[in-house]
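Some notes on the structure that comes next.
The values are calculated or read from the model by the stated rules, or taken from the named source; none is laboratory data. Note that the structure is predicted; figures quoted are calculated from it, not measured. All Cβ positions, glycine included, derive from the backbone under ideal geometry; neighbour counts span all protein chains shown.
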Amino acid sequence: MDIKLNIEKKDTQILKGIGILMIMLHNLMHKLPNMPLENEFKYHSSGGELFFSSLFFKSPVSFSCSFLGHYGVQIFIFLSAYAFYLKKDEIMNMSYFSFIKKRYIRIFYPLIFSMIAVSFLELLYKFIFFNYPFETLLHTFIGVYVGGLLQLTSLHPFLPEGLPGGLGPWWFISFILQAYFIFPVLFRIKFNKVYQFVISFVLSYMLIYLINSYFPEIRINYTVIGHLPEILSGIYFAKHLRNKSINVYRLLFVMFCGFLLLLLSNINKSMWPFSFLVATVFMLSLYFLSRSLISVRIEKVFFFIGNISIYVFLLNGITRNYFIYFIENYSKNVITYWMYIILHLLITVSLSYLLMKLERYILENIKIKRTHIYST
């Protein structure tokens, strides 16, 4: 039996929905007590040791979401490169400035509306639960806007760590803007032969190892350079694998190898930079194998969440704070624990949808076309 390696528009939105749910669960759970320290931007041997300890069997879902959930970002990186490469002819016919301007506009409006929402939610959180003094509340309120504007510079990862972080996974907005700068350049490379991709992967990893080893202050894993292999994998898939078929047993073998390497790369510092690419391979293989088993209702849920993923990205950082507070102070057993987690998902998705509708309503009434950050 063969499985077709096709990623259509529906698949893209479903995968985004899966990816953002992974990120939401990770962002919440890794802030809870006794969770393993994930290897997201730096390698932490202690995190891997705790994840693979006997404690895992006491909370396997929570441990997995906390330690591995951040790999949901790799789905977005892969899909961005894949989708934009399919439109490379259109991009090549645009001026470089026009392409960058168009992408900035698609980020700008969701970010601005989310900054307003997050500033008030942050203000309420610190006032209601901690009764912070006015000066601290004002600093918090202003910090959201400063951080959000810093994200639009795409230089945030290179700036001092003490600056306001901005919204959502703060590094990803700067990352995707950096990706827009290099997409037109990468798309001009022919990549007609597989060996050209192999050389590109090797050079990418050499650069990552070099910077991580000798220039750690650059924080390369916050930037597009640190995730070039995943970008190249999206381009490779679009150019050489799209709509091809693979035997189900070969795909099972690929998925198994990807999962094994993902675990090994989280307990070995030398292998760790490969974890992001093998996580991408594992998740895509798992999706292709299980796609026919997903019910229509579940598909619709993932599709809906994927369609508002930018707002979930930007809002889940503040909404999680409310539920971390409730879990730490009022969760007495496993039932209330999961009740708060499910409520967090439902409320964050609902607020994200309402924010999207509000943005659309306001922009349509002032005659500004509303577009989506991940639309292509």
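Within the range 130-154, residues that are in contact (Cβ under 8 Å) with a residue 24 or more places away in the chain and at positive phi have Cβ atoms under 6 Å from residues that are in a helix (DSSP H, G or I) and among the small types (Gly, Ala, Ser) in these pairs: Ser154/Ser174, counting only partners at least 6 apart in sequence or on another chain. Cβ-Cβ contacts under 9 Å between residues 6 or more apart (or on different chains), taken from a first residue in the range 185-200 that is surrounded by 11 or more Cβ atoms within 10 Å (Cβ to Cβ) and assigned to a loop (DSSP other than H, G, I, E, B) to a second residue that is among the hydroxyl-bearing types (Ser, Thr, Tyr) and at pLDDT 90 or above, are listed as Phe187/Tyr85; Ile189/Ser200; Phe191/Ser200; Phe191/Tyr236. Taken together, Leu277, Leu260 contain a single residue that is surrounded by 22 or more Cβ atoms within 10 Å (Cβ to Cβ), assigned to a helix (DSSP H, G or I) and either among the aliphatic types (A, V, I, L, M) or touching a Pro at 6+ places or on another chain (Cβ under 6 Å) (or both), which is Leu277.
Yes/no matrix, rows are residues, columns are (1) touching an Asp or Glu at 6+ places or on another chain (Cβ under 7 Å); (2) modelled with pLDDT under 95; (3) over 22 Å from Gly72 (Cβ atoms); (4) of a type outside the set (Asp, Glu):
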residue: Leu251; (1), (2), (3), (4): no, no, no, yes
residue: Ile305; (1), (2), (3), (4): no, no, no, yes
residue: Ile308; (1), (2), (3), (4): no, no, no, yes
residue: Leu314; (1), (2), (3), (4): no, yes, no, yes
residue: Glu328; (1), (2), (3), (4): no, yes, yes, no
residue: Asn333; (1), (2), (3), (4): no, yes, yes, yes
residue: Met339; (1), (2), (3), (4): no, no, yes, yes
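Under the condition of being on the phi < 0 side of the Ramachandran plot, within 21 Å of the chain's Cα centre (by Cα) and not hydroxyl-bearing (Ser, Thr, Tyr), the residues counted in the range 202-228 number 9. Between Phe67, Phe76, Phe52, the distinction of being at pLDDT below 95 and either surrounded by 22 or more Cβ atoms within 10 Å (Cβ to Cβ) or of a type in the set (A, V, I, L, M, F, W, C) (or both) belongs to Phe52 only.
Those helices (runs of 4 or more DSSP H) of the range 6-75 in which at least 1 residues are under 26 Å from Ile308 (Cβ atoms), considering only elements entirely within it, cover 9-29, 60-68. Phe97 meets the conditions (1) more than 30 Å from Asn192 (Cβ to Cβ); (2) part of a helix (DSSP H, G or I) in every case but one. The failed one is (1). Total residues in the range 302-332 satisfying the condition of being surrounded by fewer than 16 Cβ atoms within 10 Å (Cβ to Cβ) and within 15 Å of Leu21 (Cα to Cα): the figure is 1. Under the condition of being closer than 15 Å to Glu359 by Cβ and either surrounded by 17 or more Cβ atoms within 10 Å (Cβ to Cβ) or at pLDDT below 90 (or both), the residues counted in the range 109-147 number 8.
Going through (1) modelled with pLDDT of 90 or more; (2) among the aromatic types (Phe, Trp, Tyr); (3) crowded, with 17+ Cβ neighbours inside 10 Å one by one, Tyr205 falls short only on (3). Residues that are closer than 28 Å to Ile91 by Cα and without any contact (Cβ under 8 Å) to a residue 40 or more places away in the chain within the range 202-222 comprise Val202, Leu203, Ser204, Leu207, Ile220, listed in sequence order.
Only one of the listed residues (Leu25, Leu55) is under 23 Å from the mean Cα position of the chain (by Cα), more than 30 Å from Tyr249 (Cβ to Cβ) and not basic (Lys, Arg). That residue is Leu25.
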